[in-house]
Structure formats: structure tokens, C-alpha cells
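The values are calculated or read from the model by the stated rules, or taken from the named source; none is laboratory data. Just so we're clear, the structure is a prediction, and the values are computed from it rather than from any experiment. Cβ sites come from the backbone with ideal geometry, for glycine too, and all protein chains shown count toward neighbours. Heads up: the accessible areas ignore ligands, DNA and RNA and are worked out on the full protein's heavy atoms, side chains in. Shrake-Rupley method; radii C 1.70, N 1.55, O 1.52, S 1.80 Å.
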Amino acid sequence: MRRQSLQAWLFLAPALVLLAAFSFWPVGYGSYLAFTDFSLIRPTQWVGLENFEYIFDNEMFVTGLKNSLLFLLMVPFVQVGAIALAVLVNNRLPGIRLFRAAYYVPVVTTVSVVGIMWGFMFHEQGTLNYVLTTLRLVNAPVGWLSDDTLALFCIMFVTLWRGLGWYMVMYLAALQSVPADMQEAAILDGANRWQRFWKITIPMLRPTIMVCSILSVLAALKAYQEVDVLTQGGPMNSTFTALYYAYDQGLKHLKLPRALAASFVVSVFCVGIAVLCLRYLKPKHR
Amino acid sequence: MKTRTFQAAGHYLLLCAIALVCVFPFWWTLVTALSTEGNIFAFPPTFWPKSPSLANFEEVFRVIPILSFFKNSVLIAAFTVFWKLVLCSLAAYPLARMQFRGRRLVFGLILATLVLPSEVNFLVNFITVTKLSLVDTYAGVILPNVVTAVAILLLKQAFEEVPQDLIDAARVDGASEWIIFSRIMLPLITPWLATVGILTAVEAWNEYIWPSIVMSKPDEFPLSVGVLYLRGTFGSSTRVIAAGTVLTILPTLAAFLFTQRFFMRGMDGAVK
């Protein structure tokens with residue numbers, strides 16, 4: 001028994017060392033550094049809330065935080081959309097695998113490539129404007145990424161485009177584990193499609209909906225990669241998100257403590273929301 | 001009967017409309033990369049290549065070291081996959097099949113990394129990598145991505161599905177845990193190793209922010225970072241950028257299309 005214990009730890013050790021170094025250490029040390037004036041060249045001093053005062057006085061960060069919260073608007077769209085897609089492709093139609101693949105392709109595409117491609121789409125003389133002007137939905141070409149009220153929504157759309165397929169596959173996996181006899185029994189009882197959807201499918205999907213919603217809320221709060229490849233925070237700082245501010249300050253301007261303070265704020269939001277969700281959305285035991 | 005055909009037609013129409021939104025940006029990029037004539041942003045735009053040729057692709061090879069980008073991406077992906085499979089299966093085995101003190105604690109810690117906002121880690125990880133003098137090395141790119149909770153969870157589940165009789169028989173025969181792990185368990189979970197491997201390969205290939213932080217010399221960039229370089233420094237034409245983009249996605253796309261079922265299975269395991 002003791003021998004097995006030692007062996008178990010030997011098996012685990014390499015993985016745990018790496019997890020400690022690159023997952024736990026950054027959270028702990030990073031939280032500490034957010035309260036200091038850390039830089040790589042001189043000794044570190046505790047400065048209390050100074051960094052936090054700085055970032056909350058800073059327009060870019062405040063806009064960023066607002067934008068990150070605005071990103072939460074996407075969550076219901078992503079989830080409802082993904083469930084609808086999953087139901088749509090959970091059929092034995094010929095060629096359905098091809099469609100599933102098509103919807104998943106954006107998920108397996110590098111964000112830099114996504115940025116380039118959607119840069120083309122959103123170009124003032126790009127395809128999107130062509131379609132919209134041809135259909136007479138707009139009078140003049142729209143500057144999707146150069147308009148400071150629109151750019152953020154364009155980024156949100158691209159994030160949605162890129163994420164939908166991932167959640168679709170999660171829901172599809174859940175749908176395929178719904179026992180077929182339940183559906184058949186409901187059909188025999190004369191339930192129509194809508195009734196079956198609301199009374200059987202949705203309750204069966206509940207655990208998946210919970211997990212996916214939490215993941216999607218966290219992803220929305222942490223959005224920044226699309227900003228980097230599409231607008232780099234512009235025009236006029238309108239597309240900063242809280243974490244993009246951290247990225248920008250930390251790695252482009254080398255103001256690490258400010259950047260860490262910003263990511264600390266994001267983390268607090270993330271952990272807070274995760275805890276709330278786990279507490280209140282847990283499936284109730286009967 | 002008639003309503004059913006009608007319904008099916010409607011179903012397909014909807015499926016195609018959504019597929020168009022998903023795939024169109026790829027198609028447009030491909031058309032642009034293949035065309036050599038006409039204004040790129042012409043009204044009406046062309047949805048079919050005009051006088052198609054591979055000239056833009058040749059141009060990509062001329063202006064950026066795309067072959068070294070490609071090689072770098074392959075190296076990074078291969079090392080990440082190898083080490084992830086080794087370290088995560090080693091960690092998953094005792095969690096699934098051995099009794100020891102602290103097992104619940106370790107498992108809880110690993111689960112916690114799923115909730116911890118890992119995107120926030122890159123700043124301190126950058127400091128760590130700097131202090132370990134791993135900046136500008138592939139080790140610096142790879143190390144933080146080698147052990148992930150998802151991989152450990154998937155492999156743990158795989159190990160749990162192996163019948164206990166096999167392990168008991170081996171123990172009776174006096175096999176050590178190492179032999180049981182390497183000779184009996186690992187071969188039995190090969191399909192799951194393949195799943196984790198393929199998911200990891202695509203992830204590593206697509207990783208963008210972290211390698212762009214760690215690597216500073218353009219020659220050592222992976223493709224995902226290098227392709228943006230095409231947009232910046234050389235001020236290349238849109239067509240050349242499009243060609244570079246096509247070359248970047250092609251391997252991932254091929255890998256995905258040929259191994260779709262592994263992606264589905266990965267999700268399946270993640271939901272449980």
C-alpha cells in the first residue's frame with residue numbers, strides 16, 4: 001500500500017510540477033505583484049492599491065471593462081444559436097456530416113487567420129458592404145472596423161462566428177445521449193415537436209447548458225485575441241477589452257504591475273461568476 | 001408525402017445558408033489568392049477566380065520564409081503532442097487506477113485549473129520564462145501548454161474503462177505498476193491517445209498569442225504568427241496575404257477533415 005502511494009506520486013510528479021509552475025504560480029504570484037511596483041530591473045516594493053487606482057482612473061481600462069461586460073450580451077446568442085444548430089444537425093439526413101464539419105471549421109482556424117479573413121469581409125469595399133448595398137439595406141458602404149460605435153460589435157460577431165461550432169458539438173454530443181425511447185414514448189402520447197423539445201430535450205440538456213453557459217460567460221469576459229488581430233484596440237480606443245488592456249500594457253508597454261492589476265480584476269469577475277453559477281445553477285436533486 | 005419533401009428542402013436550405021456564413025470567408029480568401037487580375041475590392045466582387053494561377057503563392061515563398069514558419073509550427077506541434085501524451089497519461093493513470101493518500105486533493109487541484117482564468121497567466125508566465133532564459137526557445141513556447149486539465153480528464157476516463165481483471169491478473173503475475181502502465185494500459189487506450197493527440201496538434205498549430213510573446217526572431221515564428229508578419233512588414237498585396245492565409249489553414253483543415261470523429265469524441269468525453 002505504501003509502495004503504491006509512492007509510485008502514484010512519481011507518476012504524477014512531472015505533470016504537477018508543470019501545473020504548479022505555469023498555472024498555480026502565475027495566479028498567486030501575479031495577484032501579489034498587482035500590489036507592487038514590480039519591474040525586471042529593480043527591487044520590488046509593495047504599493048498597495050496604487051495600480052488599481054491608476055487603472056480605474058484610466059479611460060482605456062474603464063472602456064475595456066465596460067466592453068468586456070458588453071461582451072456578456074453575446075452569451076445568450078451563442079447558447080441559443082448553438083442549441084438550435086445542434087438540433088438542426090442532429091438528423092440522419094444525407095450529407096449531414098458535411099454540414100457539421102462546415103460549422104466546426106471556424107473553430108479549428110487560427111485567430112490570426114480569422115483576423116485577416118474578417119478584415120477582408122469588413123473592408124469598406126468588402127463583400128459585406130457589397131451584399132448590403134445590393135440588397136439596399138444600407139445606402140453607402142459602412143466602415144465596419146473604422147467606426148467607433150460599430151467596431152466592437154463586429155469583433156463580437158467574429159467571436160460568435162468562431163465559437164458557435166464548438167458549443168454546437170458539445171450540445172450535439174449531449175443530444176445524442178438522450179435515450180431514443182423517451183422521444184418515442186412522447187410521440188405515442190401525441191406530443192408535438194415543440195412539446196417534445198421543451199419537455200424532453202431541454203430538461204435533458206440542462207447540465208450541458210449549465211456548463212456551456214459558464215464557459216461562455218468566462219470566455220466573454222476574457223475576450224482579447226480577436227481585438228488584437230482585428231483592431232488592436234482602435235478606433236479611438238473603442239475596442240479595448242479589460243484583458244486586451246492588460247495585454248497591451250504588460251507586453252507592449254512593459255507596465256507589468258498595471259497589467260496584472262487589470263487581469264486581477266478580470267479574474268475576480270471570472271471566479272465570482274463561476275462560484276455564483278455553480279451555486280445557483282446546480283441541477284436540483286429531487 | 002409532399003409536405004415531407006417540402007420540409008426536407010426547407011431544412012437543407014437553412015443548413016446551406018448557415019454553412020455559407022461559416023465557409024464564405026474561406027472561399028473568398030481562396031478566390032483572392034488564386035486570382036491575378038482585376039481589382040480585389042471591385043463592385044461587384046468576384047466569387048470565382050479570374051485567370052487563376054499560383055503566382056501569389058510563389059510570391060509568398062519569395063517574400064517570407066514560409067517554409068521555416070511551417071517547419072517551426074510542425075516542431076512546436078510535434079513536441080507539444082509528444083510531451084502532453086507522455087506527461088498527461090502518466091498523471092491520469094494513478095488518478096484512475098491507484099489508491100493513494102491525497103488523491104482527491106490532487107484531482108481537485110487539477111479541476112481548479114479549469115475554473116482559474118488561464119488567459120490571465122501569460123503575464124507571469126512571461127516573467128517565469130524570462131527568468132528561466134527560455135525566451136526565444138521552443139521550450140518556452142511548449143512548456144506552459146504541455147499539461148492541461150482537459151487532457152488529464154480525458155485520459156483518466158479512458159483508463160477507467162479498462163477492465164479491472166486485466167490489472168489484477170498482471171499484479172498476480174508480479175508485474176510492477178510501470179509495466180502495467182506501459183505494456184498493458186497504454187496500448188489499450190490508443191484510440192484516446194489519438195484523440196488527445198489530434199486535438200492538441202490542432203491547438204498547438206493554431207496557438208497565436210503565446211508564441212508571439214515568447215518568440216521575437218521572425219525566422220523562428222510559427223505559421224500562425226508569421227502570417228500576420230506578411231500583413232505588416234512587407235506591405236504585400238492583399239492577394240499575397242490571402243495566399244499566405246490559405247497556406248496557413250490548409251494543414252489544419254486537412255487534419256480536421258480526415259479526423260473529424262476524434263474531435264467529436266473529445267467533446268463527448270468533455271461533457272461527461
note = Within the range A:238-272, residues being surrounded by fewer than 23 Cβ atoms within 10 Å (Cβ to Cβ) and not in a helix (DSSP H, G or I) number 4
task = Scan A:Met121, A:Met117, A:Met60 and give me the residue that is in contact (Cβ under 8 Å) with a residue 24 or more places away in the chain and in a helix (DSSP H, G or I).
result = A:Met60
remark   = Subset of the range B:1-13, residues loosely packed, with under 13 Cβ neighbours inside 10 Å and modelled with pLDDT of 90 or more, comes to B:Leu13
key: Condition met for B:Arg62 (part of a helix (DSSP H, G or I), open to solvent by 30 Å² or more (accessible area, probe 1.4 Å) and modelled with pLDDT under 90)   = yes
ask   = Tell me, which residue of the range A:174-191 that is within 11 Å of chain B (Cβ to nearest Cβ) and surrounded by fewer than 21 Cβ atoms within 10 Å (Cβ to Cβ) is farthest from A:Pro235 (Cα to Cα)?
value = A:Ser177
inquiry  = Looking at B:Ala169, B:Ala194, B:Ala158, B:Ala242 in this structure, which one is among the small types (Gly, Ala, Ser), at the interface with chain A (Cβ under 10 Å from one of its Cβ atoms) and assigned to a helix (DSSP H, G or I)?
reply    = B:Ala242
key: Selection from the range B:172-186 of residues that are open to solvent by 40 Å² or more (accessible area, probe 1.4 Å) and either over 27 Å from the mean Cα position of the chain (by Cα) or at the interface with chain A (Cβ under 10 Å from one of its Cβ atoms) (or both)   = B:Val172, B:Asp173, B:Gly174, B:Ser176, B:Trp178, B:Ile179, B:Arg183, B:Ile184
query = Any idea which of B:Phe79, B:Phe57 is at pLDDT below 95 and either part of a helix (DSSP H, G or I) or more than 27 Å from B:Pro218 (Cβ to Cβ) (or both)?
reply = B:Phe57
ask   = Would a scan of the range A:33-46 turn up a residue that is within 9 Å of another protein chain (Cβ to nearest Cβ), open to solvent by less than 20 Å² (accessible area, probe 1.4 Å) and on the phi < 0 side of the Ramachandran plot?
value = yes
Among residues of the range B:156-171, those that are surrounded by 12 or more Cβ atoms within 10 Å (Cβ to Cβ) and farther than 20 Å from B:Lys84 by Cα, counted = 6
ask   = Any residue in the range A:273-285 that is more than 23 Å from the chain's Cα centre (by Cα) and crowded, with 17+ Cβ neighbours inside 10 Å?
value = no
inquiry  = Restricting to the range B:113-148, count the residues that are open to solvent by less than 10 Å² (accessible area, probe 1.4 Å), among the small types (Gly, Ala, Ser) and either in contact with a Ser or Thr (Cβ under 6 Å, 6 or more places away or on another chain) or within 22 Å of A:Leu215 (Cα to Cα) (or both).
reply    = 0
inquiry  = Considering only residues that are touching a residue at least 60 places away in the same chain (Cβ under 8 Å) and either at the interface with another protein chain (Cβ under 10 Å from one of its Cβ atoms) or within 22 Å of the chain's Cα centre (by Cα) (or both), which ones fall in the range B:95-112?
reply    = B:Leu95, B:Arg97, B:Met98
inquiry  = A:Ser31 - would you say it is more than 34 Å from the chain's Cα centre (by Cα) and assigned to a helix (DSSP H, G or I)?
reply    = no
message = Residues to consider are B:Ile189, B:Ile213, B:Ile209; find the one that is more than 8 Å from chain A (Cβ to nearest Cβ), surrounded by 15 or more Cβ atoms within 10 Å (Cβ to Cβ) and touching a residue at least 24 places away in the same chain (Cβ under 8 Å).
response = B:Ile189
